[in-house]
Amino acid sequence: MKCPSCGKDMEVGFLYVRGIGGSLFWSEANDTGFFSRRNLEQIDLGQLSVRGTAAQAVLKAARCRSCTLIAFEA
């Protein structure tokens, strides 16, 4: 897989997201407070994980060692 940012080859592997809850949040805004969910879209890692999400989600991912971009499908 080629990096969409710099065009170099990416390493295929797994991204480990640790912590109870199994969720990431996405927003186009950069000013949402910690206790707010305003403007946030939840990405349910339980549906993406290759294993159960008791205390961590394991996602198929790729990373670019050159520019440090990490990519996974949501």
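The values are calculated or read from the model by the stated rules, or taken from the named source; none is laboratory data. Quick caveat: nothing in here was measured; it's all calculated off a predicted structure. We place every Cβ from the backbone using ideal geometry, glycine too, and count neighbours over all the protein chains shown.
Yes or no, residue by residue, for (1) at pLDDT below 85; (2) surrounded by 13 or more Cβ atoms within 10 Å (Cβ to Cβ):
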| position | (1), (2) |
| --- | --- |
| 13 | no, no |
| 25 | no, no |
| 48 | yes, yes |
| 55 | yes, no |
| 58 | no, yes |
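Restricting to the range 18-74, give me the number of residues that are of a type in the set (A, V, I, L, M) and either touching an Asp or Glu at 6+ places or on another chain (Cβ under 6 Å) or farther than 21 Å from residue 4 by Cα (or both).
Restricting attention to the range 18-74, the residues satisfying the condition of being of a type in the set (A, V, I, L, M) are 20, 24, 29, 40, 43, 45, 48, 50, 54-55, 57-59, 61-62, 69-71, 74.
Still in the list and also either touching an Asp or Glu at 6+ places or on another chain (Cβ under 6 Å) or farther than 21 Å from residue 4 by Cα (or both): 20, 24, 29, 40, 43, 45, 48, 50, 54-55, 57-58.
Number satisfying all stated conditions: 12.
Does at least one position in the range 40-54 carry a residue that is touching a residue at least 12 places away in the same chain (Cβ under 8 Å), on the phi > 0 side of the Ramachandran plot and in contact with a strand residue (DSSP E or B) (Cβ under 6 Å, 6 or more places away or on another chain)? Steps first, please.
Taking the range 40-54 as the starting set, the residues that turn out to be touching a residue at least 12 places away in the same chain (Cβ under 8 Å) are 40-46, 48-50, 53.
Adding the requirement that they be on the phi > 0 side of the Ramachandran plot leaves none.
Checked against the condition, which is being touching a residue at least 12 places away in the same chain (Cβ under 8 Å), on the phi > 0 side of the Ramachandran plot and in contact with a strand residue (DSSP E or B) (Cβ under 6 Å, 6 or more places away or on another chain), the range 40-54 yields no hits at all.
How about the range 1-39: which of its residues are farther than 13 Å from residue 71 by Cβ and free of Cβ contacts under 8 Å to residues at least 12 places away in the same chain?
7, 21, 28, 29, 30, 31, 32, 33, 34, 35, 36, 38, listed by residue number.
Taking residue 63 as the residue in question, decide whether it is exposed (fewer than 11 other Cβ atoms within 10 Å of the Cβ) and out of contact with any helix residue (DSSP H, G or I) (no Cβ under 8 Å at 6 or more places or on another chain). Before you say what the answer is, go through the steps one by one.
Working: exposed (fewer than 11 other Cβ atoms within 10 Å of the Cβ): no; out of contact with any helix residue (DSSP H, G or I) (no Cβ under 8 Å at 6 or more places or on another chain): yes.
The answer is no for residue 63.
Which of the residues that make up the range 27-46 are exposed (fewer than 11 other Cβ atoms within 10 Å of the Cβ) and among the polar types (S, T, N, Q)?
From the range 27-46, those exposed (fewer than 11 other Cβ atoms within 10 Å of the Cβ) are 28-31, 33-36, 38; that's our starting set.
Result: 30, 36.
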